[in-house]
Each structure stands twice: as C-alpha cells, then as structure tokens.
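The values are calculated or read from the model by the stated rules, or taken from the named source; none is laboratory data. Nothing here was measured: the structure is a model prediction, and the numbers come from that model. Don't worry about glycine lacking a Cβ; one is built from the backbone with ideal geometry, like all the others, and counts go over all protein chains shown.
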Amino acid sequence: MQIAPCWSSVVIFLLLSEASWAQERMEGSGPPVVETQTSSSTERPAGRVADKKFWLTGGALNIAMIADTKSTFDVMHRCARCYEANPYAAPFIAGGPVVAFTAGEAFDVGVMAVAAKMKASERPFFRHTWWFVPVALTAGHVMATRHNCGVR
C-alpha cells in the first residue's frame, strides 16, 4: 500500500508537533513564574542529538541513495527498454542526473531532520525509534542498487 503525498505531510506534521500547556500565574506582582516539571520516568538523558550513531545512519542513507541513483542511470544507459518503476522517483530520473541527485540529497536531509527532531523529543517512543525510517530507506536503496546491478 502506498501513502499519498498529502498523507506524508500530515505524518511529518504530527511527528514535529510538541506538547504545550498554559502556566497558572502565581499570586503577587511581577511576571509569571514558569515552573519546570521533572520526573525520573519522563526525564530525557543528557546527550547530543547529532552523535556518532546519527551521523553514521545519515551517512549510510546518503551513500545508499547515491549508489541507487547512479546504478539507475547506469541501467538506463545500457538498457533501452528499462524505466524507473517508482512513480515518486520517475520524474526526477527523467529530469537527469543533476535533478535526481539534488532531489535525493534534499529528501535525505529532510528525513534526517525529522530523525533529529524525533531523537530530541520528550516522548520516549520517538526518542527510541528515530533511526527506523532512515535505516528502512537505506535498506530499500541497497536492495534497489542490488537489483539494478543485476539488470542486463
């Protein structure tokens, strides 16, 4: 089943949303006092979002995308009846290598920006699953590259 482009935007919007609530004003004069809530169950561990795992995941995604795109163009040059079957990638491939590689890079940056937002999230589910989408896309690119290399 394929997700329509408009639904992808909704999913990204929901992933990027943050929880917020109003603070009650304390008795007395002066500006409102903001109290922070901390508990051991929801407290995020201190650490950097862009750590070694993050950069290795992003690098693997980017290398796999480059290999997939290059192997696609290699197949297109040696096989006259071959075409890009992915309806989302086909317009970019038809635009040529500059358009295809630029679109691939932009998409990878977007995926990793969402992954960084998830990794920095207050919600444990997002904080622990930030890597899933980039790794799944990397696996897809690797399988597509392997397929392209087998096309004669």
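Quick one: would you say residue 68 is of a type in the set (D, E, K, R), surrounded by 12 or more Cβ atoms within 10 Å (Cβ to Cβ) and either within 15 Å of residue 140 (Cβ to Cβ) or in contact with a strand residue (DSSP E or B) (Cβ under 7 Å, 6 or more places away or on another chain) (or both)?
Criteria met by residue 68.
So residue 115 clears everything in (1) free of Cβ contacts under 8 Å to residues at least 24 places away in the same chain; (2) touching a Pro at 6+ places or on another chain (Cβ under 8 Å); (3) of a type in the set (A, V, I, L, M, F, W, C) except one condition, right? Which one?
Here residue 115 meets the rest and fails (1).
Can residue 108 be described as of a type in the set (Asp, Glu), touching a residue at least 60 places away in the same chain (Cβ under 8 Å) and out of contact with any Ser or Thr (no Cβ under 8 Å at 6 or more places or on another chain)?
Taking the combined requirement at face value, the residue does not satisfy it.
Just to be sure before I move on: is residue 51 loosely packed, with under 13 Cβ neighbours inside 10 Å and under 18 Å from the mean Cα position of the chain (by Cα) in the structure I sent?
Numbers: loosely packed, with under 13 Cβ neighbours inside 10 Å: yes; under 18 Å from the mean Cα position of the chain (by Cα): yes.
The answer is yes for residue 51.
Please go through the range 102-152 and give me each residue that is assigned to a loop (DSSP other than H, G, I, E, B) and of a type in the set (Gly, Ala, Ser), ordered by number.
Here is the first cut: in the range 102-152, the ones assigned to a loop (DSSP other than H, G, I, E, B) are 120-123, 129-131, 151-152.
Answer for the range 102-152, where residues must be assigned to a loop (DSSP other than H, G, I, E, B) and of a type in the set (Gly, Ala, Ser): 120, 121.
For the range 42-58, give me the residue count where each residue is touching an Asp or Glu at 6+ places or on another chain (Cβ under 9 Å), modelled with pLDDT of 80 or more and under 14 Å from residue 128 (Cα atoms).
Taking the range 42-58 as the starting set, the residues that turn out to be touching an Asp or Glu at 6+ places or on another chain (Cβ under 9 Å) are 42, 44, 58.
From what is left, the residues that are modelled with pLDDT of 80 or more are 58.
Now drop any that are not under 14 Å from residue 128 (Cα atoms), which leaves none.
Residues flagged as touching an Asp or Glu at 6+ places or on another chain (Cβ under 9 Å), modelled with pLDDT of 80 or more and under 14 Å from residue 128 (Cα atoms) within the range 42-58 amount to 0.
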